[in-house]
Amino acid sequence: MTKTLLLVGLDPGVVDFSDPALAASNLDAAKLQAGLDAAEAELKALGYDASWVLTDRGETAEATVRA
């Protein structure tokens, strides 16, 4: 039986990459999305049925996760 995982995180499009805490990381939305996709692919390769639910910073996050 396949185990199902729901991965919840911020949509890369709503992350403020100019924030000093992130600026030094050299991240951008495309790199972050690639990392999320890679994590999902790795979990699927391990046999999990994994998928992301990406939210905003709170305006509709609860409704998005509940859907």
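For the reader, a short list of remarks on this structure follows.
- Residues whose amide H falls under 5 Å from that of Leu5, counting only those 5 or more places apart or on a different chain, are Asp49, Ala50, Ser51, with hydrogens built in the peptide plane.
- Residues with amide H under 5 Å from that of Leu10, placed H, sequence gap 5 or more: Thr55
- Overall, the chain carries a charge dipole of about 240 debye about its Cα centre when +1 sits on the Cβ of Lys and Arg and -1 on the Cβ of Asp and Glu, all other atoms neutral.
- Per-residue HN-Hα couplings for the range 11-24 [Karplus 6.51, -1.76, 1.60; θ = phi - 60°; Hz; x = Gly/Pro]: 5, x, x, 9, 7, 8, 6, 7, 4, x, 5, 10, 4, 6
- Neighbour counts of other Cβ atoms within 10 Å put Arg66, Arg57 in the fewest-to-most order Arg66, Arg57.
- Taking the chain and dividing mean pair separation by its residue count, relative contact order in percent (alpha carbons under 8 Å, at least six apart): 49 percent
- Of the GluC sites (Glu not before Pro) found in the chain, the ones in coil according to DSSP and having at most 15 other Cβ atoms within 10 Å of their Cβ are Glu59.
- Scalar couplings 3J(HN,Hα) for the range 55-67, obtained by applying the Karplus form with A = 6.51, B = -1.76, C = 1.60 to θ = phi - 60°, are 10, 7, 7, x, 4, 10, 4, 4, 5, 5, 5, 5, 6 Hz; x denotes Gly and Pro.
- Helix 29-45 and the longest principal axis of the C-alpha atoms of the chain enclose an angle of approximately 20°.
Laboratory data are not the source of any read-out in this text; all were calculated from the coordinates shown. Being a predicted model, the structure only gives us computed values, none of them experimental. Glycine gets a Cβ as well: all are built from the backbone with ideal geometry, and neighbour counts include every protein chain shown.
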